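To start, the structure under review is shown below, and the notes come after it.
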Amino acid sequence: MRILLIGGTGNISSYVTEEALARGHDVTVLNRGKSEVPDGVRSLVGDAGDAASIERAVGAETFDVVANFRSFSPQQVADDIRIFEGRTAQYIYISSASAYQKPIAQLPIVESTPLRNPFWQYSRDKIASEDLLVAAYRASGFPMTIVRPSHTYGPSLIPLEGKWTALQRILDGRPIVVHGDGTSWWTLTHSRDFARAFVGLFGNPHALGQAVHITSDESLTWDEIARLLGRALGREPEIVHVASDAIARELPEMGPGLVGDKAHSVIFDNTRIKQLVPGWTATTPFAEGAREIVEWHRADPSRQEVDAELDAAFDRLIAKHGA
C-alpha cells in the first residue's frame, strides 16, 4: 500500500515507519525536513500545522493510508478532511487515551468510555478533533480510524516526571518525587509494540469509522515503575510521595498532564484492537523497557540532561511535603 505518514520520525511514529517498511509498504513521510528518514522512505517537506504547505507537498497524489501524528487542534483535522477526502482509502487520526473521562467512573476502560477531561486542554482538543472526524464519517463516509495511544515510550523517553533529572537523583542516592501515594495503576506501552498493532490497521475495512486504543495489558503502580527504573540503574530509589495537586502548584507546567491524566488509575480492555489485528499482543514488559531506557541514556553523556531548576523544585517539594 501507499502510505503517507505526517510526522514519521517521532517517539511513536519512527517505529511505525520502520514497521511499515518491514511489511513492504511504499512509505512517504511528510515533515519539516529537520529529521533524517530511514533508507527506502520518500521524504516530503511540509508543516503539519500549515495546511497550504501540506497541499503543496502532496500535490495531486493519492494514498491508500494517511496517518497524521502531528495533529493537535480541531483546525488541523478540519484541514486534513478537506485535503484528503476522496484521496485516501483510510485516514488514521492519532488521538490520546487521556481523552477518556477524568475522573474515571469505571475500569477497565473500553472504547465506549465517555470522553471528557476538564483538566487538560490538550485532551479537550483531541476530543474536539475526534468529534469532527465522527461527523465527517457520518455525513460523507470519510474513511477515518481513530487511534488512542496511552503512555507510549521508547528508549529515549523516561516515564517519570523529571526525565533524567529523576534518574540522576536515584543514582546520587537522593529521594525522588512520586505523585499521590504511588499505588495508582498505570499502563506503559513500548512504541515497537504499538507500531505492530498500528500498522496492522492499515487497509483494514473493519477499522473504518472506529475508535480503538492500543496499549499493553501490563499494569504497574507508579512506585513499581520507579523501582524498575532504579533496578535498571542498579540502585533502589528512595521515594517520597507528594499529592498531585501540590506538585501542580509547585510545577504548573506539569499540572495538566498530571492532574488530567497520570494521577488517575488506568486499566485498558484491549479486546477491540486484538479483534482488528488478530494475533497482536504487546510483548515488551516494562522491566525490559526500563533497561533499554537506561542503556540508551548511558550510551551518550549528552543525553543525561539534568534540569537544575526542576531539581531544586523537587527538593522544595520534598522539604514541604515529604515525611
Task: Residue-normalised accessible area of the chain, given per residue in Å² at a 1.4 Å probe - done: 42 Å²
Task: Contact order relative to length of the stretch 1-143, as percent, for alpha carbon pairs under 8 angstrom and 6 or more apart - done: 20 percent
Task: Candidate residues 151, 321: accessible-area rank, largest first, probe 1.4 Å - done: 321, 151
Task: Separation between Cα centres of the stretch 207-231 and the stretch 240-312, rounded to whole Å - done: 9 Å
- [ ] Could you sort 103-115, 205-217, 131-143 so that the peptide with the highest average Cβ count within 10 Å comes first and the rest follow in order?
- [x] 205-217, 131-143, 103-115
TODO: Considering Cα pairs under 8 angstrom that are at least six residues apart, work out the relative contact order of the chain and quote it in whole percent.
DONE: 18 percent
- [ ] Pull out a ≥ b ≥ c, the square roots of the eigenvalues of the alpha-carbon gyration tensor of the stretch 212-323, then state rounded if a/c is under 1.5, prolate if not and a/b is larger than b/c, and oblate in the remaining case.
- [x] oblate
Task: Rounded Å value of the spacing that divides the Cα centres of the stretch 98-127 and the stretch 162-184 - done: 27 Å
TODO: Restricting to the chain, compute how many DSSP beta bridges are antiparallel as a %, nearest 5.
DONE: 10 percent
Task: Global form of the stretch 254-310, assessed from the alpha-carbon gyration tensor, a/c cut-off 1.5 - done: oblate
Open item on the list: Taking all protein chains in place and a 1.4 Å probe, what share, in percent, of the accessible surface of the chain do carbon and sulfur account for?
Closed with: 49 percent
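The values are calculated or read from the model by the stated rules, or taken from the named source; none is laboratory data. Note that the coordinates shown come from a computational prediction; the quantities given were computed from them, not determined experimentally. Every residue, glycine among them, receives a Cβ derived from its backbone with ideal geometry; neighbour counts consider all protein chains shown. SASA here: full protein model, heavy atoms, side chains in, ligands and nucleic acids out. Shrake-Rupley method; radii C 1.70, N 1.55, O 1.52, S 1.80 Å.
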